[in-house]
Each structure stands twice: as C-alpha cells, then as structure tokens.
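Q: Below you will find the structure I want to go over with you.
The values are calculated or read from the model by the stated rules, or taken from the named source; none is laboratory data. Please read these numbers as outputs of a predicted model, since none were measured by experiment. As a convention, Cβ positions derive from the backbone with ideal geometry for all residues, glycine included, and neighbour counts pool all protein chains shown. Ligands, DNA and RNA are stripped out before the accessible areas are found, and what is left, the full protein with its side chains, is counted by its heavy atoms. Shrake-Rupley method; radii C 1.70, N 1.55, O 1.52, S 1.80 Å.
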Amino acid sequence: MTRSFTSVSACIGEPRIGKPHPLGASFVDGGVNFSVYAKDATSVTLHLFAHEDDCEPLLSFVFDPIKHCQSGYWFLRLQNINHGQLYVFEVDGPWLPEQGLRFDKEKMLLDPYCHGIARSRHYQRHRAMNTGSNIDACLKSVVINHETFDWQGIASPKHSLNDTVIYEMHVKGFTQHPSSEVERDKRGTFLGIIEKIPYLKSLGITAVELMPIQQFDKDDAPSGQKNYWGYSPINFFAVHADYSVSRDPLSAIIEFKTLVRELHRAGIEVILDVVFNHTAEGDENGPTFSFKGLQNDTYYLLNKDGEYANYSGCGNTCNANASVLRRMIIDALHYWVTEMHVDGFRFDLASVLSRDSEGHPMKEPPLLWSIDSDPILSGTKIIAEAWDAAGLYQVGDFFGDRWNEWNGKYRDDVRAFWRGDNDTVGDFASRLLGSPDIYGHADHAPHRSVNFVCAHDGFTLNDVVSYQEKHNLANGESNRDGDNHNISANYGVEGKTDCPDILNVRSRQCKNMITTLFLSLGTPMILMGDEVRRTQKGNNNTYCQDNPSNWFDWRLVDENADLLRFVSLLTKLRRGSPAMEWHLHQSLNDVIDNVGVQWHGIEPDAPDWSVHSHSIALTAHHPMTKEKLYIICNAYWDPLRFTLPDCPNHDWHRLIDTALPSPNDIIDIDETQKHSSSTILVAGRSMVIMIAKT
C-alpha cells in the first residue's frame, strides 16, 4: 500500500483541542480526532507519514499536556486528514521496569484502537526490541473512514445452536495450495474462500470459525519460520492485511466484509477466533509495538517486581479486567459485530480473562459477565476455550448463562474409547449425551458443549489414526514443543503405509469418531480438511509451518471422496432428520429424560460398564416424532454379535455401518433397507446406526 497527500502541510493547520472520546482516530467536524490512553506519560507526539515505506514522518504534532491531556487521555484534532492517513505515536515517560513502567520515546507506537495497520518493506521485529529508534522500521497505524459498504440486504442467517455445525478454518491454509485452483492472486485470502463457498455448502456446515484474523506479527516465530496460526495479536481491531489480495489494510476491510456477506448469502455464519489473553509484545525481551510503551502496568498482569505474569504461555498476560482494557475488549467486540457483521466469537484461553490484577481467578469476572450480558452481543455465539496455560481448567464451570465451551474432555474420551483404552465406556457414554456429568449440575442447555475430536492445536483426524507419537522436528525445537498426550494410535505402522489392513482400520476409525461427533448432544465442530483426511505428517503444533504441508491439499477431495461423502451425508442427517437431532429448547437433563435413552450391551438392557468393556449400545426415542435410533459402538478389535432390542410395530433399518465400503457405509434415510435378522454382527472397531421404521 502507498498513500500520499496533496498539499498536506498547507491543509492540516494547527492542532485543535479535540476530545478524549472516542478513542483512536475518528472523523468528526471536518477533521480527525486522535485520542490515546497513556496515564503516566510525560509527553506524546503524533507523527504523520505520507507513505508506508517512509523512514521519516512528513509532519509531527506535539500534544500540549495542558490543552490536550485529561485524566490520562491524550487527544487532539487535525483538519483535512484523509482516509488512509498513516500515523504513529511517540510517547515519553519514566523507565521504571520494576514498577511496571516501560516508556521509551525511541519506539514508535501503534494506536491500540486503530482499524488498520500498514507494514512497510523496512519493518523489522527486532528493531522494536533493541535500543535505539525504530522510526525507520516501524509498523504504522491507518486512519480508517468506514465508507458505506453494500451489504446488498444480506443479513446473518442466525442459526440456532441446535442447528449449528462449525468448521474451524485457517484463512490462508484453506486456499493457498496450488491444487485449490483458486485464482493465483486470491489464494490464501478472504476472496479465495468465496470461491470455495459451494464446497462448504455441499459439506453441510452452518458456520466457519476463522482462526485469528486480527492483525498479528507473522515474524513472531523461531528463526527462519513464520507465525502461521496467528495467535500473536498486535491489535484487536485491525484486519490482518496479508489476507487481502493486495496485502493492503484498507482493502482487507472491504474484502473481509465481502467474505462475510457472501457466506451469509450462502447461509453460513462467521465466528472469529479472538485472542485477548496476550499480545505479540511478549515478555521483557519482546518488542514494543503499542501497549508496553503506552501504559504497560495497565495493559498487562505484572508480578511485584514488574516482571510479566505468563498465564498464556506466550510471555505476557493481558490485564483484561482492568477498566481500560476491559472497555477496549468490549469496544473491539462491538466493532466486529456492528461494522463487520460477524456472528460470534471463540475466545482463545478464555480462562485467562477471569483473572484479577494479581492473577487470581475471580468468582465474578467483570469482563466475562459483561460479554455474557451485553445487549449488542446478545445475538452472537460466544464460545470459551475454558482453560489457560497455567493449569486453570474450567470446562463445565465457566461463567454466565450464554457461554458455550470447547469440551476438551469430549475430545479425550472419544479418542480413548475408540483407541480401545480400558475403563472408557462410562465416560464415552456421557459424552454422547452432551456430558451431563460436566454440564448437568448447572442445568445448562444441551448445546453448551462444543464437541470436537480435532482442532488446530493437535493432530488432524488422519494423524490421530496414523501416528503414535508427535513428529515436530520441523518446528526447530528438537520435538520438545506440542502436547505429548495425543491419545492416538498408528495401528501397526507409524505414518504413511500401503498395508490394506492398516488402511481399513484407519478408515473405520475416522468414520467412527466423526459419526460419534455428529450423533452426540452438543454443538459439533470439525477441523478444516478432516473430512478428506488432511495430514500434517504427525506434527501436532504447526503454528510456524506456513507451507504446503500445512495447507489444505485439494487433491484429497478426489482421493478421499468416500469420506467426504460420508461426512456430507452425516451433516444432512443431523440437520434434516428429527431422529438425529435430539436438541430441544430445554435443559440438558430434560433432553436426556425426553429422548428416553436405554443402554444395551451385546444383549438388550445389559450394558457392560466394566473396566475391560470396549462396547456399548443404546436406543434413543425422539420425544416428538417417536422415531427411534439404535446405536452400536464396538471399539473391541474383534467382531461382536448384538441382539437387536424389540421395537413393536416397527422394523430396524440399517443407516450407517462404518465397516462397510462406500457407498454402503451410510445410506440416505429414505433409501435404507430392512434388517431381517434379530441379531447383527458388528465388525471390530466399527459403529452401526439403525433406525426404526414402520
């Protein structure tokens, strides 16, 4: 991006007093009001640049501490400022790290409220760390005048959580691979996703959960690597410019809005994965981009000696319940909903946001309750990753009435059962029913649990059934990074193999876990590419792998068309069949009572809950349609013969058998065939679903 002015020096004139509200750069009264919070600063200077690659400002304006400062807010107004104007702040004050103050006038600072960030070709992350000025190599804020965008009357589909199927997606990774056949300049961008909307519709998902699109520092990674995931936010408002076709922060806003509009047109909601628990500035050895140099002790949790608390695992922790930052986070959420039309948020390491200024978890965290009860956010979906990196684990006990939770226990227990671990049947049964042992005590709704088997952090589904151990050497940390507890298996050979027997069991296990996911009470989430067995070659921490090994390889759509068909029919069955959709507008416990669950073993009404049991069956009665499902889960490695329960005046019809090859593994509900025998032989490590029909 290159922005320039016409006769700038003659037009702007002397600064006017301005107002402390709103924060950031706002168009008002024929000019732009700049306001920033820096309570303990002794001086603030605003630098304006003509071009993003300029090493020196074109004009500078010093804030008068008498006229332009009030209660910690510094503000002034300039006339004739244009949309796209580039600027930074230079802020001076005491350098007292032991007291939490880290003012450094040599470091150029971004406006934390700016809606766009420009990265020049001179930018260098290390220059924001080292001593000396970085004015010639700094990021620059962009003044944004949100011009009227043509939403074409397209509104959000506003799916109920009962009807929601989430697809966790990486913006770049979805279309960057050459096999995507997306136009070259659109690969890895918001506009690239638009070309793949027909695929998403055919898959049957109702919402995409986009991994971070807030501007992040791609250089926050080991030497020679790039930060691919994006969990390194520089700012909470700006759209990541590299996801636009021109890598332009102004274009990024328009292209993101265009993506949202077109997804809404297709009936698909947009959920953002937002990171408010830490920033890209890291610890005392990290760079100074914004928060550190403005009011370090307000924005971050600090120990008594001024060192950064690290509940995020990323070097610093945001002081989210401090009034200034709490207001900023709420303002950011409002911005994404009202200006960008997003439908919801998944909060990364949300338990961090419950900690007070000393790092202690609070019973009534102001930020989380504010989000829960905020009227502007009332129509959005809010999802918590209900844990943090310091051991706080709140799955089942997160705050508020509206919060939904990533259910990490669901992932672990489903994987463990299908792997054949001992003493897993009871927990597996609970996960099928929406985890009443976790959520039943608070009378939560059945969709409180966001169920998933795989997410970006960990193995893909293919790798869960192909690798016994993680293989993260490519990350450059000697395989020390990433979780060691993967609950995975290779079934005979580590990684890729041509052995038919191993391939067959891996295929069944993929279908078993996906079928379990779509049958379970709760809101299902699938990871990008799991429907076609995307692999990361055993790397379970691919945050810095921005390369083809981490992108969606679209050749898999044809190679694994059988699994894609299987998943697509599962989403259709879940959303279209009353028998598959158990969700009601009642509490989880009421739903379980109403669906009339009966547990079975190989014989009706004789479930085996013992430590060494590896199979369970159940019937579930839909309370309104009276349709009945019979579900058999055989995680034992050998076939087992099950006696079907009586179903008066009905016949059992086989709907799903994961041991059968496509297209017999799943049958359209209107084309199922009557099962004539009173028993059924269920292959080892497989799942059978039957439906009762007259």
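Q: Under a point-charge model restricted to the Cβ atoms of Lys and Arg (+1) and Asp and Glu (-1), what is the dipole moment magnitude of the chain relative to its Cα centre, in debye to the nearest 20?
A: Once rounded to the nearest 20, the dipole reads 1020 debye.
Q: Let me ask something else. Given the pairs K470/K537; K158/K201; K201/K693; K39/K218; K196/K257; K172/K381, which are separated by over 19 angstrom at their Cα positions?
A: Correct reply: K201/K693; K39/K218; K172/K381.
Q: Give me the number: length gained by fully extending T694 to D562, i.e. 0.36 nm times residue separation minus the C-alpha to C-alpha distance, one decimal in nm.
A: My answer for the length gained is 44.5 nm.
Q: Let me ask something additional. How large is ³J(HN,Hα), in whole Hz, for each residue of region 274-287 in order, when computed from phi with the Karplus curve 6.51 cos²θ - 1.76 cosθ + 1.60 and θ = phi - 60°, using x for Gly and Pro?
A: 10, 10, 10, 8, 7, 10, 6, 6, x, 8, 4, 8, x, x
Q: Viscosity 1.567 mPa s, temperature 4 °C: give me the Stokes-Einstein translational D for region 363-471 in µm²/s, with Rh taken as the Kirkwood radius over C-alpha pairs.
A: 84
Q: Follow-up question, since we're still on this one. In angstroms, what radius of gyration and Dmax does region 249-315 have, counting Cα atoms only?
A: According to the Cα coordinates of region 249-315, Rg and Dmax are 17.6, 53 Å.
Q: Further, regarding this structure: In region 318-419, what % of DSSP beta bridges are antiparallel (nearest 5)?
A: 25
Q: Only helical DSSP H runs with n ≥ 4 go in: add -39500 (n - 2.57) per run for the chain, normalise by residue count and round the 222 nm mean residue ellipticity to 500 deg cm²/dmol.
A: Calculated from helices alone, the mean residue ellipticity at 222 nm is -6000 deg cm²/dmol.
Q: Using a 1.4 angstrom probe, figure out how much accessible area region 266-403 has per residue, in square angstrom, rounded to the nearest whole.
A: The answer is 30 Å² per residue.
Q: Follow-up question, since we're still on this one. Rounded to the nearest 0.05, what FRET efficiency is calculated for T42 and T338 with R0 set to 51 Å and r the Cβ-Cβ distance?
A: Plugging the Cβ-Cβ distance into 1/(1 + (r/R0)^6) gives 0.90.
Q: Hey, another quick one. For F216, list long-range residues whose amide hydrogen, built 1.01 Å from N in the peptide plane, is under 5 Å from its own amide hydrogen.
A: Those lying under 5 Å, H to H, from F216 are I234.
Q: Still on this structure, I have one more. Report ³J(HN,Hα) in whole Hz for each residue of region 146-161, in order, from the Karplus equation J = 6.51 cos²θ - 1.76 cosθ + 1.60 where θ = phi - 60°; Gly and Pro get x.
A: Computed from phi, the couplings for region 146-161 are 5, 5, 4, 9, 7, 6, 6, x, 7, 9, 5, x, 6, 5, 5, 5 Hz.
Q: For region 66-120, report the accessible area per residue in Å² (1.4 Å probe, heavy atoms, rounded to an integer).
A: Per-residue accessible area for region 66-120 comes out at 36 Å².
Q: Once you keep just the Cα pairs under 8 angstrom separated by 6 or more residues, what percentage relative contact order results for region 594-694?
A: 30
Q: Still on this structure, I have one more. Roughly how many percent of the accessible protein surface of region 339-458 is carbon and sulfur, given a 1.4 Å probe and a whole-percent answer?
A: Its accessible area is 46 percent carbon and sulfur atoms.
Q: With a 1.4 Å probe and all protein chains left in place, how much of the accessible area of region 484-535 comes from carbon and sulfur atoms, in whole percent?
A: Result for region 484-535: 51 percent of the exposed heavy-atom area is carbon or sulfur.
Q: Take W609 and H126, extend 7 Å from each Cα along the Cα→Cβ direction, and tell me the distance between the two endpoints in nm.
A: 6.1
Q: Measure off 7 Å from each Cα along the Cα-to-Cβ vector at R641 and H675, then give the distance between these two points in nanometres to one decimal.
A: Each label point lies 7 Å from its Cα, and together they span 1.4 nm.
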